């Protein structure tokens, strides 16, 4: 029975970790990956980073969930960030949707740059889409996992987390900032550490997910499967601990000198 519970426990743990951020601190991202920039040109990750510590966000530009709030917060945060863009850091927003072109990236970039409420070097924040699955490769290298969904109406959506990922100038993953709202101070420290190639701990924040959107009901579809898996995981873990404790208590009772089995000895 205990072996069966352990098997179920491990299966649920794997399912619960399929989506989200599977941290890969210290992992190296290939700098020769190529992307299509907002001008429709093929560029390498190395040229986009330009030898600077870089913050990366992974989004898709038709996203009806957390992507726009996350990008709006990035614009707000960059307004207040006490570092020199294009000198101290770079920003890259990478579109991972296979069917989105660079035109959408360019439109979103224009909107976000306009939202920054100060003079900002525009070449410091690039919006790109993948080329030859480069977005998927990068997402795998940094542990960013997502799932494609198609509604009955044929609308394509992606379930994905929201986070900023820091890369050193050489492409090493140095830090994760979970969530869609970031404090300028936290980002500044993370970028400075990334510039030194220093790996930093993840700040404890809830990891938000982008749910699928139902255009007919005009509401977000709650992903009950993930919540159910988490609840089941907690129940099975609690039951497993209960069985272990009960088994140990029974053994202690049997070994007790006043136990009926031991009176005749």
Members of the range 63-76 found to be surrounded by 21 or more Cβ atoms within 10 Å (Cβ to Cβ) and more than 30 Å from residue 154 (Cα to Cα), listed by number:
74
Determine whether residue 191 is buried (at least 22 other Cβ atoms within 10 Å of the Cβ) and out of contact with any helix residue (DSSP H, G or I) (no Cβ under 6 Å at 6 or more places or on another chain).
yes
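Return the only residue of 140, 181 being in contact with a helix residue (DSSP H, G or I) (Cβ under 8 Å, 6 or more places away or on another chain), surrounded by fewer than 22 Cβ atoms within 10 Å (Cβ to Cβ) and farther than 12 Å from residue 57 by Cβ. Let's see the steps before the verdict.
Numbers: 140 fails: in contact with a helix residue (DSSP H, G or I) (Cβ under 8 Å, 6 or more places away or on another chain).
Sole residue among the options that is in contact with a helix residue (DSSP H, G or I) (Cβ under 8 Å, 6 or more places away or on another chain), surrounded by fewer than 22 Cβ atoms within 10 Å (Cβ to Cβ) and farther than 12 Å from residue 57 by Cβ: 181.
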Qualifying residues in the range 18-43 (those that are at negative phi and part of a strand (DSSP E or B)) - the one surrounded by the most Cβ atoms within 10 Å (Cβ to Cβ):
35
Can you tell me which condition residue 66 does not meet? The list is (1) more than 26 Å from residue 193 (Cα to Cα); (2) more than 14 Å from the chain's Cα centre (by Cα), and all the others hold.
(2)
Tell me yes or no: at least one residue of the range 89-101 is at pLDDT 95 or above, out of contact with any strand residue (DSSP E or B) (no Cβ under 9 Å at 6 or more places or on another chain) and at negative phi.
no
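Scanning the range 149-165 for residues that are touching a strand residue (DSSP E or B) at 6+ places or on another chain (Cβ under 6 Å) and over 23 Å from residue 54 (Cβ atoms), which turns out surrounded by the most Cβ atoms within 10 Å (Cβ to Cβ)? Steps first, answer last, please.
Applying the first criterion (touching a strand residue (DSSP E or B) at 6+ places or on another chain (Cβ under 6 Å)) to the range 149-165 yields 149-150, 156-161, 163-165.
Then drop every residue that is not over 23 Å from residue 54 (Cβ atoms), which leaves 149-150, 156-157, 159.
On the way: 149: 15, 150: 10, 156: 15, 157: 24, 159: 20.
Result: 157.
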When every residue in the range 92-119 that is in contact with a helix residue (DSSP H, G or I) (Cβ under 6 Å, 6 or more places away or on another chain) and farther than 17 Å from residue 64 by Cα is compared, the one surrounded by the fewest Cβ atoms within 10 Å (Cβ to Cβ) is 118
Name the residues in the range 44-60 that are under 20 Å from the mean Cα position of the chain (by Cα) and either more than 19 Å from residue 142 (Cβ to Cβ) or in a strand (DSSP E or B) (or both), would you?
54, 55, 56, 57, 58, 59
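The values are calculated or read from the model by the stated rules, or taken from the named source; none is laboratory data. None of these values were measured; they are calculated from a predicted model. Neighbour counts run over all protein chains shown; Cβ positions are idealised from the backbone, glycine included.
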